[in-house]
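Just below is one structure, and these are the notes that go with it.
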Amino acid sequence: MSRFFSHKYDALTPYVPGEQPRDMARYVKLNTNESPFPPSEAAMRYARERLRSLNLYSDPTTKEVVALLSKRLGVGEDEVLLTNGSDEILNFAFMAFCDAEHPAAFPDITYGFYPVFARLNGVEYEGIPLNEDFTVNCGDYEGIHRTIFIANPNAPTGIALSVSEIERIVASNPDNVVVIDEAYVDFGGESCVPLIHRYDNLLVTQTFSKSRSMAGGRLGFGVGCARLIADLNTIKYSTNPYNVNSLTLAVAEGILRDEETVKENCRVIAENRAFTLDELKKRGFTATDSRANFVFAGTNEIPGGELCAKLKEKGVLVRHFDIPRIREYLRITVGTRAQMEALLNAIDEIRREIK
Ligand SMILES: *Cc1c(COP(=O)(O)O)cnc(C)c1O
């Protein structure tokens with residue numbers, strides 16, 4: 001740290017992303033919940049047609065993609081805002097809707113970026129403990145007068161709340177914004193987007209990183225009533241009006257015009273998730289009821305951190321969080337059938353070695 005770094009960041013510990021190895025061929029990469037499927041040929045064909053010259057700035061209103069997306073979601077064009085990954089809109093939400101009178105609240109075990117954004121923005125926050133079975137206790141969030149962030153399905157557990165449970169939280173906190181982070185909703189969750197027509201305090205965020213094969217393109221978005229979106233636009237135009245670049249917009253348009261491929265990919269992931277859960281349970285693992293493109297599983301045969309390291313030695317990258325209550329678990333991205341078989345083979349070898 002230099003002697004110039006502001007003390008306002010003294011409490012800040014940056015988010016640690018999953019490893020992105022350079023020698024990709026060596027690894028089966030199941031550590032950052034990316035899609036194993038690249039954008040389809042049809043999507044890339046659209047993208048090439050749409051790509052405007054890079055010597056011009058990207059469209060700050062991101063008009064074409066917003067038009068496609070709002071139609072798909074059944075909301076108005078002024079009810080959607082695109083950002084550079086959904087991480088950016090989550091940060092915008094902390095900037096816009098949290099302060100001393102509106103401190104934040106989110107589960108104690110959830111997406112690791114929420115506490116980082118809270119600290120970055122000097123926002124006080126409460127981590128509300130998950131139930132013993134890792135479910136979110138909705139009652140804990142009713143009428144708490146805090147700006148609430150809930151990933152649904154939650155990460156890294158994969159467990160989902162129903163729309164009616166979310167609605168109770170939103171309805172009971174009319175003077176605070178409730179942010180529902182639906183990064184994984186396309187793999188079997190229920191979206192809260194339709195609720196934005198009835199609640200002016202609901203912001204739903206989604207991403208192109210997981211189900212839409214565009215993690216490297218960095219595109220996320222928020223959906224909420226026009227006034228919330230206007231506030232977020234105030235933040236956007238005060239930080240980076242060109243937050244979404246032309247290359248990304250072109251590919252996103254292609255992806256949105258080839259929705260069939262996205263649906264089929266999600267179906268395959270759900271199928272491979274069921275297969276993986278079955279096979280892990282046969283090997284004595286316990287796992288949560290994940291609705292996401294990852295499983296959250298552990299075994300009492302070997303500590304989570306050790307299993308994670310041994311898998312890496314065998315060329316399989318998964319994610320381990322060294323935090324209380326979930327140390328024994330691994331978050332394993334669901335990829336192709338072949339990738340999951342490679343994971344299971346590696347686990348079988350490790351189990352033989354430790355016996
Ligand atoms: C991956 C993820 C995001 C953000 O992804 P982006 O790539 O920034 O869109 C947000 N929330 C959760 C819970 C995630 O797992």
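What the table below lists for this structure:
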{"quantity": "Extreme residue, positive dipole direction of the chain, given options N176, L307, L203 (C-beta unit charges)", "calculated": "L307"}
{"quantity": "Coordinate range along principal axes, alpha carbons of the chain, Å, largest first", "calculated": "60, 50, 49"}
{"quantity": "Karplus-derived 3J(HN,Hα), 6.51/-1.76/1.60, for each residue of the stretch 128-135, Hz, glycine and proline x", "calculated": "8, x, 5, 4, 3, 8, 6, 7"}
{"quantity": "Selected from L311, L54, L12 as most flexible by GNM, with the chain as the system and alpha-carbon contacts under 10 Å", "calculated": "L54"}
{"quantity": "Karplus 3J(HN,Hα) series, Hz, for the stretch 221-229 with 6.51 cos²θ - 1.76 cosθ + 1.60 (x for Gly, Pro)", "calculated": "7, x, 10, x, 5, 4, 6, 4, 5"}
{"quantity": "Amide H partners (placed H, <5 Å) of Y111, local residues excluded", "calculated": "A151, A155"}
{"quantity": "Rounded to 5, the percent of DSSP beta bridges in the stretch 110-213 classed as antiparallel", "calculated": "0 percent"}
{"quantity": "For the stretch 214-257, convex hull of alpha carbons as volume per residue, Å³", "calculated": "80 Å³"}
{"quantity": "Tensor-based shape of the stretch 120-215 (alpha-carbon gyration tensor, a/c under 1.5 rounded, otherwise prolate or oblate)", "calculated": "rounded"}
{"quantity": "Dipole magnitude (debye, nearest 20) for the chain, charges at Cβ of Lys, Arg, Asp, Glu", "calculated": "1120 debye"}
{"quantity": "Sequence-distant residues sharing a close amide H with F294 (under 5 Å, placed H)", "calculated": "V334"}
{"quantity": "Three-way shape call for the stretch 227-316 based on the alpha-carbon gyration tensor, with the a/c threshold at 1.5", "calculated": "prolate"}
{"quantity": "Rounded to whole Hz, the Karplus (6.51, -1.76, 1.60) HN-Hα couplings of the stretch 18-34, x for glycine and proline", "calculated": "x, 5, 10, x, 7, 8, 4, 4, 6, 10, 8, 9, 10, 10, 9, 6, 6"}
{"quantity": "Listed residues T135, T286, T239, most fluctuating in the chain (Gaussian network, C-alpha, under 10 Å)", "calculated": "T239"}
{"quantity": "Positive-end residue of P107, A118, L130, charge dipole of the stretch 91-140 with Cβ unit charges", "calculated": "A118"}
{"quantity": "Most mobile of S209, S58, S86 in a GNM of the chain (Cα contacts under 10 Å)", "calculated": "S58"}
{"quantity": "Assigned charges on the beta-carbon of Lys, Arg, Asp, Glu; the stretch 41-128 dipole about Cα centre (debye)", "calculated": "620 debye"}
{"quantity": "Shape category assigned to the stretch 173-267 from the gyration tensor of Cα positions, a/c cut at 1.5", "calculated": "oblate"}
{"quantity": "Positive-pole candidate from L73, S162, A287, dipole of the chain, charges at beta carbon", "calculated": "A287"}
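Just so you know, all these numbers are worked out from the coordinates, no wet-lab data involved. These numbers come from a predicted model, not from an experiment. Positions of Cβ are backbone-derived with ideal geometry, glycine not excepted, and every protein chain shown enters the neighbour counts.
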